[in-house]
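Structure, as structure tokens:
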Amino acid sequence: MLMRDTLARVNSSRLTALKELQQEEGSDPFRILIGTILSARTRDENTRIAVHNLFSRFKSIDAIADARIEDIEQLIRCTGFYRIKARRIKEVARIIATQYNGMVPDRLEDLLRLPGVGRKTANCVLVYAFNKDAIPVDTHVHRIANRLGLVDTKSVEETEQELMKSVERRYWKSINDTFVTFGQSVCKPIAPLCNECLLKEECKYYRLKHG
């Protein structure tokens, strides 16, 4: 199955929170980074609210670095694990302000050194903020890639590595946004809408389930 055909057939006009943030903020790296941190285990609509609340109150990296933890917590309360995220956001802002001259790094290795930033978050920043080739793999991408039979992996890290090997580089940046919207609307974790799926004839999961 060609990745080009897969992406084309499941492409949606619906925007993920990060894609929307990219368009609204002109790919501002710091806002993309913070938005990605906020999006973990959080519905897109709540991510949007938290990002709006935070940056309406604090306009700069320095302002967030100097903010009280309690104030950040209150502004992002609608997200999951907001207390942990508030501490991480403040610390990330401090590090970027003091160690990177207020500029979000654009290298994977540097992003991974920031507190609370794993490969998925770092790759999201590379794709949505810097337009670099990377494959951010979250639970949606991991699930769908395995269901379709594009990979046969146990972890998101393995999925990222296998997709990087098997997918042409020019499609890397499209995978996350397309698979996330597809996973939220059709290929759901529980009770996927297989009968409505445009990929069911090529889908390993569908073939195993329906014989």
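In the set VAL141, VAL137, VAL125, VAL156, only one residue is out of contact with any strand residue (DSSP E or B) (no Cβ under 7 Å at 6 or more places or on another chain), more than 16 Å from MET3 (Cβ to Cβ), surrounded by 23 or more Cβ atoms within 10 Å (Cβ to Cβ) and hydrophobic (A, V, I, L, M, F, W, C); that residue is VAL125.
Listed by position, the helices (runs of 4 or more DSSP H) inside region 73-149 whose residues that are modelled with pLDDT under 95 number at least 3 form an empty set.
Taking (1) under 20 Å from ASP106 (Cα atoms); (2) surrounded by 18 or more Cβ atoms within 10 Å (Cβ to Cβ) in turn, GLN23 satisfies each apart from (2). Among the candidates ILE32, ILE37, ILE76, which residue alone is hydrophobic (A, V, I, L, M, F, W, C) and over 21 Å from GLN184 (Cα atoms)? Being hydrophobic (A, V, I, L, M, F, W, C) and over 21 Å from GLN184 (Cα atoms) holds for just one of ILE32, ILE37, ILE76, which is ILE76. Could you tell me whether any residue of region 179-188 is at pLDDT 95 or above, surrounded by fewer than 15 Cβ atoms within 10 Å (Cβ to Cβ) and not in a loop (DSSP other than H, G, I, E, B)? No, the conditions are met nowhere in region 179-188. If I filter region 194-202 for residues that are farther than 30 Å from ALA63 by Cα, buried (at least 21 other Cβ atoms within 10 Å of the Cβ) and not assigned by TED's automatic domain parsing to the domain that holds ASP44, do I get at least one hit? So far as region 194-202 goes, no, none of its residues is farther than 30 Å from ALA63 by Cα, buried (at least 21 other Cβ atoms within 10 Å of the Cβ) and not assigned by TED's automatic domain parsing to the domain that holds ASP44. In the set (1) outside the structural domain of ILE32 (by TED's automatic domain parsing); (2) surrounded by 13 or more Cβ atoms within 10 Å (Cβ to Cβ); (3) closer than 19 Å to ARG43 by Cα; (4) under 19 Å from the mean Cα position of the chain (by Cα), the condition left unmet by LYS120 is number (1). Scanning region 52-69 for residues that are assigned to a loop (DSSP other than H, G, I, E, B) and over 9 Å from LYS90 (Cα atoms) yields PHE58, LYS59, SER60. Considered as a group, the residues in region 33-68 that are among the β-branched types (Val, Ile, Thr) and more than 19 Å from GLY80 (Cβ to Cβ) include one that is surrounded by the most Cβ atoms within 10 Å (Cβ to Cβ), and that residue is ILE64. Reported count of residues in region 17-44, each being in contact (Cβ under 8 Å) with a residue 12 or more places away in the chain and assigned to a helix (DSSP H, G or I), is 18.
Restricting attention to region 18-52, the residues that are at pLDDT below 85 and small (Gly, Ala, Ser) add up to 2. Exactly one residue among LEU7, LEU38, LEU33, LEU18 is in the same structural domain as SER185 (by TED's automatic domain parsing) and touching a Ser or Thr at 6+ places or on another chain (Cβ under 9 Å), and that residue is LEU7. If you filter region 1-17 down to residues that are among the charged types (D, E, K, R) and either surrounded by 14 or more Cβ atoms within 10 Å (Cβ to Cβ) or more than 25 Å from CYS203 (Cβ to Cβ) (or both), you find that the one that is modelled with the lowest pLDDT is ARG14.
With respect to ILE144, is the statement that it is within 16 Å of LYS204 (Cα to Cα) and within 18 Å of the chain's Cα centre (by Cα) true?
yes
For region 130-142, the criterion of being more than 20 Å from LEU15 (Cβ to Cβ) and hydrophobic (A, V, I, L, M, F, W, C) is met by no residue.
The values are calculated or read from the model by the stated rules, or taken from the named source; none is laboratory data. Quick caveat: nothing in here was measured; it's all calculated off a predicted structure. Cβ sites come from the backbone with ideal geometry, for glycine too, and all protein chains shown count toward neighbours.
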